[in-house]
1. Does LYS8 satisfy the condition of being under 22 Å from LYS150 (Cβ atoms) and either surrounded by 15 or more Cβ atoms within 10 Å (Cβ to Cβ) or not β-branched (Val, Ile, Thr) (or both)?
2. What helices (runs of 4 or more DSSP H), lying completely within the range 199-315, carry at least 3 residues that are among the aliphatic types (A, V, I, L, M), at pLDDT 95 or above and more than 30 Å from VAL39 (Cα to Cα)?
3. List the residue pairs whose Cβ atoms are under 6 Å apart, where the first residue sits in the range 276-298 and is farther than 14 Å from VAL211 by Cβ, the second is polar (S, T, N, Q) and surrounded by 16 or more Cβ atoms within 10 Å (Cβ to Cβ), and the two are 6 or more positions apart or on different chains.
4. Which of the helices (runs of 4 or more DSSP H) contained wholly in the range 6-105 include at least 2 residues that are out of contact with any strand residue (DSSP E or B) (no Cβ under 7 Å at 6 or more places or on another chain) and acidic (Asp, Glu)?
5. Considering only residues that are of a type in the set (A, V, I, L, M) and under 16 Å from the mean Cα position of the chain (by Cα), which ones fall in the range 238-253?
6. Restricting the search to the range 114-142, which residues are surrounded by 15 or more Cβ atoms within 10 Å (Cβ to Cβ) and not in a strand (DSSP E or B)?
7. Of everything in the range 179-203, what is over 26 Å from the mean Cα position of the chain (by Cα) and on the phi < 0 side of the Ramachandran plot? Give them in sequence order.
Amino acid sequence: MKTPKLYKKNYFNNVVVVTGSLNSGKSMVAPIVSSLQKVEHLRKLIEVDQILHLANLKRIKREAAYFFVKHYLDKSFYEQLIGRNLNYRIGDETSIFTAKNPAELKNRAFLKRGEHIIKKHVKNKTIFCMDTHDGMMLFHLWREVNKKFKFINIFRNPIDTVNGCFNVGQGKIEKILFNEIIMFKKDKNIFPLYYLNNYKDYPKKNTMDRVIDEVLFCLKKEYSNYKKYKNDKNCLFIENEDFAVNTDKNISKICKFLKTKRSKFTPKIMKRENCPREIDPKVYQEKLKKIKFLSTKKSFQKLLDFEKVFYNRKTYTLNK
């Protein structure tokens, strides 16, 4: 007799996942997505990232991972709808004060809880918005969680990504107290999941080389799945810099993708996110010089080689 499988049916299927690697630009795009009609305030659920990464690494069973993620997402979205566990910290991306309509979120605390809340929002086709890392890298797992979810993947030039990751301390991630990246320990070596297959190299690398390795680990996997899913009806791929400069065009693209429209709050959120904006090419050159100075010649060349993938990803073949 076969063991019964875990079962959980999501009640919220109308979900948009804004995803990308670390420092890809999700924090710029996601609030604007949340400003659209019918789209809920942004949720950042790092536990989901961790569970799916552990499942991908076969550290937990996929069946258990999918069960937990489905329950956690439904619980989180429902709690937001009834005003439970809202974030009141000013300045946070998920704070009610950065939402398009803070008063509406506050007033939910007085609603009567229950199934009627769920049924109402399912009927109204409310869109739930969440921000996650590496969603395209782990897309095969997300598909098993819920095939109806939609994904907006943010691409960014790897030079910008490496610079951003370096600035937030990714090269010394084992020393960050509030680190949310999955870490491992072997002998005396502590290292992030990106170095699981070559952990002995981690302590030998300088800080910038570590960041380059981590970024390339994520972006190469993301790129491979881009080639595979670029025509998928539930995937939309947006370039960070193009969104920043040509914001209106990209918002129209997102609205069509999500089958919604801009709200009266969208211009305000766009202004807050400094979109649209001009990009100073001198800034890129400064980042390039900085990375070159702080990295080894070999690592810097690997980064430059992958930058070709970014600029020519529609036709470029990735050498494994």
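1. When the stated conditions are applied, LYS8 passes them.
2. Helices (runs of 4 or more DSSP H) meeting the threshold: 207-229, 281-294.
3. PRO276/THR247
4. 62-81
5. Passing the criteria: only ILE238.
6. Result: ILE117, ILE118, HIS121, THR126, ASP134, GLY135, MET136, MET137, LEU138, PHE139, LEU141, TRP142.
7. Result: LYS186, LYS188, ASN189, LYS200, ASP201, PRO203.
Here's the yes/no breakdown for (1) of a type outside the set (Lys, Arg); (2) without any contact (Cβ under 8 Å) to a residue 24 or more places away in the chain:
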{"residue": "GLY114", "(1), (2)": "yes, yes"}
{"residue": "LYS123", "(1), (2)": "no, yes"}
{"residue": "MET136", "(1), (2)": "yes, no"}
{"residue": "PHE155", "(1), (2)": "yes, no"}
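The values are calculated or read from the model by the stated rules, or taken from the named source; none is laboratory data. This is a predicted model, so every value here is computed, not measured. No Cβ is skipped: glycine too gets one built from the backbone with ideal geometry, and neighbour counts run over all protein chains shown.
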